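Down below is the structure, laid out as structure tokens.
No value in this document is a laboratory result; all are computed from the given coordinates. The shown structure was predicted, so the numbers you read here are calculated from the model rather than taken from an experiment. Positions of Cβ are generated from backbone atoms using ideal geometry, with glycine treated the same way; all protein chains shown enter the neighbour counts.
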Amino acid sequence: MNKTYYLTTPLYYVNDKPHIGHSYTNILCDTFSRFRRFKGEAVYFLTGTDEHGGKIEKIAKEKGQTPEAYVETIVPRFKDLWKQLGIEYDDFIRTTEERHKRVVGKVLIHLQAKGDIYKGSYKGWYCTPCESFWTALQLAEGKCPDCKRAVQKIEEDNFFFKLSNYQPWLVNHIKANPDFVHPASRKKEILSFLENPLEDLCISRPKNRLGWGIPFPGSSDHVVYVWFDALINYISAAGYGADDGKFSRLWPADLHVVGKDILRQHAVYWPIMLKSLDLAIPRKVLAHGWWTMEGAKVSKSLGNIVDPVEVIAEYGVDAYRYFLLHEVTLGFDGSYSEEALLERFTNDLANDLGNLVHRVFGMLGKYFEEKIPSPVEKDGIRNSLRKESLSVWPKVEAAMEEFDPRSALEAIWAFIRNSNKFVEDSKPWVLAKDPGKRGDLAAVMYTLFESLRLIAVFLHPFLPETSVKILKELNLPEMVSSTQASVWGLLEPGASVGKSEPLFPKEEEDPGA
Ligand code: MSP
């Protein structure tokens, strides 16, 4: 049976509506997933929501609601945003679903039977927003070392998972599989974290302190720690213990995309949980950086939120996708500002791409009554662009192999800019004045239209809405595959094309301004 490429986003906490950081991960995964489907691969793309834990219990209480009722108000916000952003996922898992809770219980029973779980007493410091325990030594000036917020002193009985049993195995696994953690700088970080002995992981919370969680099997006083619960989603959604056929098609996951702040959970705790469960380890964990604004991480708790819904309303979905995919090299932090977005919108989208399409369609209307002309063999005229067009897709593929959508877009934009240059150099408006140059004009226009077709195809995984718009204007089916990205000459001479509307309309200038 063929393995399906299985990729996942983290499950987002539903303490508040989604922001730019969440949308970034989903846009990345959507692009990776579209890219592979485009090449004909079977893909399964999972996203969802993480609904238990202290954070959600706290906010629900503040709103005077039960956690159950509160999460129902937030989950649709995530689903609506994914719809607006054109995120084509195959499954959306919620940790409050029965299919997930059942698997969490099953996993814990398995681990208990293996002797990897024990009951102990915990004394130390606790950070509620991060849901993390800290020893006095780990605190940073008395605060949580991760989020720098106040911590509480606690002492309680809990269940622990023997991470330490598997530390040497994990270090060997990471060294033997150099592609497991990406990028390499993050792999180094994890290996250096693993140079110190791992403390066992506290995987329960006493109900009298935190009641909103999955009941801990065998204890009526505890619920499961939210991170332990949430990580299991990747197998519960894949059909573990419920649908063996599906599970064997999907598992191990090919790619977990996560933010750098949750890499340790995915590259240390999760593989150890799977090892203890006797399951295969995911092939790759890819950590991206943070979106910041004026130097600070964009976050719900800091309140410096960029609301994707507002940005999309102003600039459109594809401008937002383009900005996020293009602005940073994956793995690095990116700085968000509306000015930066506006600059990309104006220069790359409206000027380079929008104008090219509009102009080329306009000339066809004027010179060939909106019909694709026959490409008269005039190699001198059309060879440069034609030759270049065939080198674009291999560059895009090579960049995507490296999880580098920014370079992929750069390769496409180099071609777009050269197509504009081709218009300037070949001067169709001059050729049009000379009846003796009709053949040259036809060759130029055919070349330009083939370039537009290719651009629409190249853009498909990245800017799906724009891709479809251009294809429709060309009167071509919107279903495309990557085979169409590496051939020249698919446009039929004599075929009519539609009208072109501005792809990235600029806001009307305010006459009073
Ligand atoms: N619920 C956990 C994940 C469980 S996965 C089994 C969680 N949720 S979260 O909502 O706080 O964060 C989800 C993801 O959003 C993380 O990958 C995090 O890195 C990402 N981002 C949150 N703020 C971000 C930015 N400002 N920039 C980029 N991504 C950031 O953690």
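Is the C-alpha gyration tensor of the chain telling us rounded, prolate or oblate? Criteria: a/c under 1.5 is rounded; beyond that, a/b larger than b/c is prolate, otherwise oblate.
Working: a/c = 2.62, a/b = 2.15, b/c = 1.22.
It is prolate, given that a/c is not under 1.5 and a/b is the larger ratio.
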Can you put 226, 444 in order of Cβ neighbours within 10 angstrom, beginning with the fewest?
226, 444
Once residue 247 and residue 114 are pulled to full extension, the length gained, defined as 0.36 nm per residue separation minus their Cα-Cα distance, is 45.7 nm
Zone of residue 79 (label point 7 Å along Cα→Cβ, backbone N under 20 Å): which residues in region 239-258?
239
Stretchable slack from residue 492 to residue 429, in nm (0.36 nm times residue separation minus alpha-carbon distance)
20.4 nm
Starting from the Cα of residue 208, step 7 Å toward the Cβ, then list every residue of region 146-171 with an amide N under 14 Å from that point.
155-158
For the chain, what does the relative contact order come out to in percent, with C-alpha contacts under 8 Å and a separation of six or more?
16
Gained length - residue 97 relative to residue 304, 0.36 nm times residue gap less alpha-carbon distance:
71.4 nm
Please arrange 133, 32 by counting, for each residue, the other beta carbons lying within 10 Å of its beta carbon, fewest first.
133, 32
For residue 3, the lysines lying under 17 Å Cα to Cα, once residues fewer than eight places off in the same chain are dropped, come out as 39, 246, 284
For the chain, calculated [θ]222 nm from helices alone, where every DSSP H run of n ≥ 4 adds -39500 (n - 2.57):
-13500 deg cm²/dmol
At what distance in nm do the modelled label points of residue 347 and residue 167 sit from each other, each positioned 7 Å from its Cα along Cα→Cβ?
4.9
For residue 506, the aspartates and glutamates lying under 12 Å Cα to Cα, once residues fewer than eight places off in the same chain are dropped, come out as 314, 343
Could you put 50, 440, 200 in order, starting from the residue whose Cβ has the fewest other Cβ atoms within 10 Å?
200, 440, 50
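Do the alpha carbons of any pairs in 101/260; 123/153; 55/148; 101/300; 106/175; 79/469 sit beyond 19 Å of each other, and which pairs? Walk me through the numbers before you get to the answer.
Values: 101/260 27 Å; 123/153 8 Å; 55/148 16 Å; 101/300 27 Å; 106/175 31 Å; 79/469 24 Å.
Table pairs above 19 Å Cα-Cα are 101/260; 101/300; 106/175; 79/469.
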I'd like to verify something in the chain: which complete DSSP H helices, judged by Cα projection on the helix axis, reach 27 Å or more and average at least 1.0 on the Kyte-Doolittle scale?
438-459
For a Förster distance of 45 Å, can you work out the FRET efficiency between the beta-carbons of residue 138 and residue 177, rounded to the nearest 0.05?
0.95
Classify region 430-513: rounded, prolate or oblate, from the alpha-carbon gyration tensor (a ≥ b ≥ c, eigenvalue square roots; a/c under 1.5 rounded; otherwise prolate if a/b is larger than b/c)?
oblate
